[in-house]
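We did not get these values from a lab; they are worked out from the coordinates using the rules stated. Bear in mind the structure is a predicted one, so any value in this text is a computation, not a measurement. Because the Cβ atoms are built from the backbone with ideal geometry, glycine has one as well, and the counts that use them run over all protein chains shown.
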Ligand SMILES: Nc1ncnc2c1ncn2[C@@H]1O[C@H](COP(=O)(O)OP(=O)(O)OP(=O)(O)O)[C@@H](O)[C@H]1O
Ligand SMILES: [Mg+2]
């Protein structure tokens, strides 16, 4: 990860996520979001349905990339990371509980929890 020990844990700079850009159906799910989170901070993101919370979480979790803007994770520009490095971060650094659960139906609850540990 980034070499600067004092770097923000999470830093979004002017991040946009725009679906169907330029079309009449354009949706600005993220419209210039800037956010910093420091190590040890406990943060809740609240807002009405459709305000872009899941879109932002997907960017923070390296599951989606912004249309425009910068995302630094521990000081590292995530665009500079390879697929392999992103996979490692998703596996080791970021814990996600999805809104749509994303569980494997054929496994028990315990097996679903165990799966990432294997
Ligand atoms: N893949 C997509 N294609 C087009 N529009 C999308 C897509 N994903 C999300 N949106 C739109 O982006 C906006 C933000 O959606 P998002 O799911 O991030 O909101 P949310 O704050 O998580 O809402 P909720 O509280 O209902 O979970 C909404 O207008 C949604 O319809
Ligand atoms: Mg959501």
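Structure notes:
- Distance between the stretch 98-118 and the stretch 1-67 - C-alpha centres, whole angstrom: 25 Å
- Modelled label reach - residue 51, point 7 Å along Cα→Cβ, the stretch 72-105 residues with backbone N closer than 15 Å: none
- Net length available on complete extension from residue 114 to residue 68 is 13.0 nm, with 0.36 nm assigned per residue and the Cα-Cα distance removed.
- FRET efficiency, 1/(1 + (r/R0)^6) with R0 35 Å, evaluated for residue 82 and residue 44 via beta carbons: 0.65
- Largest mean-square fluctuation among 37, 78, 46, in a Gaussian network model of the chain whose springs join Cα atoms under 10 Å apart, belongs to 46.
- Approximate spin-label separation residue 105-residue 18, in nm, with each point projected 7 Å along Cα-to-Cβ: 3.9 nm
- In angstrom, the C-alpha Rg and Dmax of the chain are 15.9, 46.
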